[in-house]
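Single-structure report; data block below.
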Amino acid sequence: MIKLLQHVISSDIDVIMGPAQGEDAAIIRVKDGFLVIHSNPITAGVKHIGYLAVHVAANDIAVRGVKPRWFLPVVLLPENYSFKDAEEIFRDMGRALREIEGVIVGGHTEVTPGLKRPVISMTAAGYTSSRVILTRDAKENDLVYVIGRIGGEGAGVIAWDFEQRLLEKGVEEGVIEHAKNFIYDISV
């Protein structure tokens, strides 16, 4: 990926953090502070994909020490996707946005030929007038805080999207139902 980025990286005096390995969100100096922006696709989870899209993108803003506020989803739907299922995606996005007090400020939605399942690419942004946390500033013996379960949402995605396969492999239904709730256990 780094080799690909060399074709598009350019310098700008106001870009504090652009594309870099280990740094998820861009940081741009604006008049009295910093704008932190990140985009992230959700391609794995289908059930609650709208919820995941908001929280996964928000997480990469929050780890910078900045409140994620503004969101722009690009929602690509398969040709055979029902209005009811599309509505569920947007309801889930709404639920997640209310949880973190974020708002949709733009985006795009379309039906895309050739897709087998929905895809969402979510851009999130936040602003701060104070310090921004950079991964590159981490030092040996720094404390790292983990909120929630590591991999909880991944377990939830697997439980929702592969329930039948898990049952066939002998995983108990109660375990699967319990794991489904982990999809809401995103550490933002």
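The values are calculated or read from the model by the stated rules, or taken from the named source; none is laboratory data. Because the structure is a prediction, the values reported are computed rather than measured. Heads up, the Cβs are rebuilt from the backbone with ideal geometry, glycines too, and the neighbour counts pull from every protein chain shown.
Some notes on this structure:
- Some residue of the stretch 105-112 being surrounded by 14 or more Cβ atoms within 10 Å (Cβ to Cβ), acidic (D, E) and assigned by TED's automatic domain parsing to the domain that holds D32: no
- Any strands (runs of 3 or more DSSP E) falling wholly within the stretch 1-107 and containing at least 3 residues that are out of contact with any His (no Cβ under 7 Å at 6 or more places or on another chain) and at pLDDT below 90: 15-17
- Scanning the stretch 115-148 for residues that are loosely packed, with under 10 Cβ neighbours inside 10 Å, in contact (Cβ under 8 Å) with a residue 24 or more places away in the chain and of a type in the set (V, I, T) yields one hit, V146.
- Taking the stretch 145-188 as the range and being modelled with pLDDT of 75 or more, farther than 20 Å from A53 by Cβ and either in the same structural domain as V54 (by TED's automatic domain parsing) or in a loop (DSSP other than H, G, I, E, B) (or both) as the test, the residues that pass are K169, G170, V171, E172.
- Tally, over the stretch 24-46, of residues that are charged (D, E, K, R) and crowded, with 17+ Cβ neighbours inside 10 Å: 1
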